[in-house]
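Presented below is the structure to which this report refers.
The values are calculated or read from the model by the stated rules, or taken from the named source; none is laboratory data. Here the structure is a predicted model, which is why all the values come from computation and not from measurement. Reconstructed Cβ throughout: ideal geometry from the backbone, glycine too, with neighbour counts over all protein chains shown.
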Amino acid sequence: MLRTLTASSLLALASTSAMAQMTPMDMPTAPQTETSAESATSTTANDPQSAPSAPLAEPKELTVQKLVDAEFPTYDANKNDALEPLEFRAWVLALHDAAGEANAAKDPAAKAKWANAAFATADTDKSKKVTKAEMNRFLLG
């Protein structure tokens, strides 16, 4: 449950920031009608060079890695390349709040308890710090 909430929060933020960075040329277009799709298929089958190049969806792992690489320094206040419990808590609560989880705890004590449990799960080597690699693994579930 904990990983699911965090991963869904991350994906919600990643998709929001990705859409915010899109130019009008990157925006999805309306789906083709059946007749134009059929004509595109017949044209493509005859001439592979004329095949439309649809953008491929970015793998989840790459999306998570990019987000961790971009955001980790923001929350690593002491710049030691690892998140202490309070730094980690600030990040996961920001992700959690930004995703607008319907069942998110409103009580600060409940939020702190949730964040502490998330930290314990993410800190796989029990070093009392979460590295970028641990954060990636945690967010990917």
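Points to keep in mind about this one:
- Selection count where residues are over 16 Å from Glu87 (Cα atoms) and of a type outside the set (A, V, I, L, M, F, W, C), scope the range 109-125: 2
- Scanning the range 48-68 for residues that are part of a helix (DSSP H, G or I), modelled with pLDDT of 85 or more and either loosely packed, with under 12 Cβ neighbours inside 10 Å or not hydrophobic (A, V, I, L, M, F, W, C) (or both) yields Lys60, Glu61, Leu62, Thr63, Gln65, Lys66.
- Residue within the range 69-78 that is loosely packed, with under 11 Cβ neighbours inside 10 Å and at pLDDT 90 or above present: yes
- Selection within the range 94-115 - closer than 14 Å to Met135 by Cα and modelled with pLDDT of 90 or more: Ala115
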